[in-house]
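This report concerns only the one structure given below.
Only the coordinates and a few stated rules stand behind these numbers; no lab work does. Computed from a prediction, not measured in an experiment: that's the story for all the values here. Heads up, the Cβs are rebuilt from the backbone with ideal geometry, glycines too, and the neighbour counts pull from every protein chain shown.
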Amino acid sequence: MTLRLYNTAIRKKETFKPLQEGKVGIYVCGVTVYDLCHVGHARSAIVFDVLTRYLRAKGFDVTYVRNFTDVDDKIIERANKLGRETGDVAQEFIDAFYEDMDRLYVLSADVEPKATEHIDGMIEMISALMDRGHAYAADSDVYFSVESFEEYGRLSGRKLEDMQAGSRIEVDANKRHPMDFALWKGAKPDEPQWPSPWGAGRPGWHIECSVMSNHYLGATFDIHGGGKDLLFPHHENERAQSIGANDGDFARYWVHNGFVTVESEKMSKSLGNFLTIRNALEIYHPEVLRLFLLSKHYRSPLDLSKAAVLSMQSGLVRIYRTIQRLEEVIGPDPEKAGEIPVSFLTENMDDSFLKHFIGMMDDDLNTAGAIGLVFDKVRQMNRLLDSGKESPDDATRRRLKNDRRQLFLSGRVLGILHERPDEFFSKLADFEDQVNPSEIEKMIRDREAARTAKDWEKADKIRDRLKVMGVVLEDGQKGTTWRLDV
């Protein structure tokens, strides 16, 4: 089976063929470290974590590079406001990033450079661009000339004449064209600065990723990833300056994940729905949040609502309950998922479930379909457990052990099922107080009223809504009681 990825550059899926057989180079734009990360950052990090896991599971030797932007207008503004050094502010939020990623089971990249560690390389690339006629100095600033690069706009599908200045693009009277972007910014008071041939200053935002990706992966590499919001201008500008300086192809495959909204609204601090990863992890178990962020295709928009997340929680609870049943019937698994060999998918191709799982993942990393297969497998395992009662025969035991191994193999790719069932349920119980009891009890009263009026359809809809929220109803002679499905 062959992986096919949607390549933003050509706007269609194509078969993935790495530059060097058996090896893959991936560069993903990391975070600008001026604040805590939000759930949109979490989605991007998890998507590329799964892509990396999957490529390794197929036997590829992956070099994964993810940077930190540690010099930027927002970092400088925050540091000045707090009366602190920009480097100290950046490091604080780098540390916070690692804490958040660890909780979400996102693996560290192989290389995680900071922009400020590559200033010399940026100066070298800017000089090369000037020598080739792609850049020009204006006072102590240096700009890239978009008109000098014929392919400008090709990646994002835009025409230069139709473009307008976008996010992070400064309009300056010294520019030859309104879309020219800064490669080097002259020093200003109260800003970090470095010496350069054009005077003291600091690099522009776009140049850093070109330099770091080229430094670690070469002038041409396999996959460049990031959020859809980075396509223009950031990735368009990266591509222009990288090809302009090096004559390589830069990235051969461009992979972009979709946006995350909260309760159907774009995240915004002004709307009060700006949800940091830490906010989210106060409400949801980390594996629940991770599974939810993989529950839709990575290119699709994803709306984070409590009902949707709790629906995924119910699914994860079923998986862990099945693992718990397996431990009771056939004993604990001596081989944890984390100990499975890296290239395990290439070694288990005879398994029908894994063939279907690989088929889903090969189809542009279809995690939604893969998760559906996992849920189907769990249902099959429960039917087998039910049929075997408490003492399954040897053939059934072998099948259950094999099924459990398949489950853990798929969990290894998706980055879930790290915990023992008792550990998972113990942690999940800590989130019970996040459910609003009065809201649930009102819904139960509404259901009772519907049943009294013999409006069975409405009563069933209310029960279904509560089920999605992870609430189990128990009807008895003394009325209806409820509990969380944990």
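Among ALA128, VAL24, PRO192, flag the residue with its Cα farthest along the positive direction of the charge dipole of the chain, charges on Cβ as +1 for Lys/Arg and -1 for Asp/Glu. Checked the options; the winner is VAL24.
Over the C-alpha trace of the stretch 15-156, radius of gyration and Dmax come out as 18.3, 52 angstrom. Cβ-to-Cβ counts within 10 Å put MET267, MET122 in ascending order as MET267, MET122, the fewest first.
Once every DSSP H run of n ≥ 4 in the chain is given -39500 (n - 2.57) and the sum is divided by its residues, what mean residue ellipticity at 222 nm do you get, rounded to the nearest 500 deg cm²/dmol?
On the way: 15 runs with 216 residues, N = 486.
Result for the chain: -14500 deg cm²/dmol, rounded to the nearest 500.
Among TYR6, TYR320, sorting on how many other beta-carbon atoms sit within 10 Å of each Cβ, with the fewest leading, yields TYR6, TYR320.
Decide, for the chain, between rounded, prolate and oblate: order the square roots of the alpha carbon gyration tensor eigenvalues as a ≥ b ≥ c, take rounded if a/c falls under 1.5, and otherwise choose prolate if a/b is larger than b/c, else oblate. Taking the square roots of the gyration eigenvalues as a ≥ b ≥ c, the chain is prolate. Full extension of the chain between ILE440 and HIS215 gives 75.5 nm of extra length, using 0.36 nm per residue less the Cα-Cα distance.
Straight-line reach from LYS188: taking Cα to Cα under 23 Å and skipping same-chain neighbours fewer than 8 places apart, the lysines in range are LYS74, LYS81, LYS114, LYS175.
Placing +1 on the Cβ of every Lys and Arg and -1 on the Cβ of every Asp and Glu, with nothing else charged, gives the stretch 4-262 a dipole about its Cα centre of roughly 1120 debye.
With a Förster radius of 41 Å applied to the C-beta separation of ARG278 and ASP393, the computed FRET efficiency comes to 0.25.
From least to most packed, judged by other beta carbons within 10 angstrom and beginning with the fewest, PHE431, PHE357, PHE144, PHE375 follow the order PHE375, PHE431, PHE357, PHE144. Near the amide H of LEU3, within less than 5 Å, lie the amide hydrogens of PHE16, all on another chain or at least 5 residues away, with H placed in the peptide plane. Using the Cβ-Cβ distance between SER352 and ASN80 with R0 set to 51 Å, the FRET efficiency from 1/(1 + (r/R0)^6) comes to roughly 0.25. Rounded to the nearest whole Hz, the Karplus-based 3J(HN,Hα) values (6.51 cos²θ - 1.76 cosθ + 1.60, θ = phi - 60°) of the stretch 364-370 follow the sequence 6, 6, 7, 5, 4, x, 5, with x at glycine and proline. Length gained on full extension, TRP482 to GLU150, computed as 0.36 nm times the residue gap minus the Cα-Cα distance: 113.0 nm. Among the listed pairs LYS442/LYS467; LYS228/LYS296; LYS296/LYS461; LYS377/LYS401; LYS266/LYS461; LYS12/LYS266, those whose Cα-Cα separation exceeds 18 Å are LYS296/LYS461; LYS266/LYS461; LYS12/LYS266. Database remark: amide H of VAL62 closer than 5 angstrom to the amide H of VAL24 (H placed geometrically; neighbours at sequence offset of 5 or more, or on other chains; Pro and chain starts carry no H). Taking amide hydrogens as placed 1.01 Å from N in the peptide plane, the amide H of VAL262 sits under 5 Å from those of MET267, LEU304, each at least 5 positions away in sequence or on another chain. DSSP finds beta bridges in the stretch 4-262, and of those with both partners inside it, around 45 percent are antiparallel. Remark: the stretch 277-288, residue by residue, has Karplus-estimated 3J(HN,Hα) of 4, 5, 4, 4, 7, 7, 9, 10, 4, x, 5, 5 Hz, where x stands for each Gly or Pro and the curve is 6.51 cos²θ - 1.76 cosθ + 1.60 at θ = phi - 60°. With a Förster radius of 22 Å applied to the beta-carbon distance between ARG420 and GLU328, the computed FRET efficiency rounds to 0.95.
Here the 3J(HN,Hα) profile of the stretch 117-125, calculated from phi with Karplus coefficients 6.51, -1.76 and 1.60 at θ = phi - 60°, is 7, 10, 4, 4, x, 5, 4, 5, 5 Hz, Gly and Pro shown as x. Remark: the chain carries a charge dipole of roughly 1860 debye about the Cα centre, counting +1 on each Lys and Arg Cβ and -1 on each Asp and Glu Cβ. Reducing the stretch 108-148 and the stretch 25-83 to their Cα centroids gives an inter-centroid distance of 20 Å. In terms of its C-alpha gyration tensor, the stretch 4-262 comes out oblate, because a/c is 1.5 or above while a/b does not outweigh b/c.
Normalising by the residue count of the chain, find the relative contact order in percent from Cα pairs under 8 Å and 6+ residues apart.
Values: 716 pairs, mean separation 82.7, N = 486.
Once divided by the residue count of the chain, the mean separation gives 17 percent.
Here the stretch 176-194 is scanned for amide nitrogen atoms under 19 Å from the site 7 Å beyond the Cα of ASP88 along Cα-to-Cβ, giving 190-193. Over the stretch 4-262, what is the relative contact order in percent, taking alpha-carbon pairs closer than 8 angstrom and at least six residues apart? Taking the mean separation of contacting Cα pairs over the length of the stretch 4-262, I get 24 percent.
In the chain, the DSSP beta bridges split such that about 50 percent are antiparallel, to the nearest 5.
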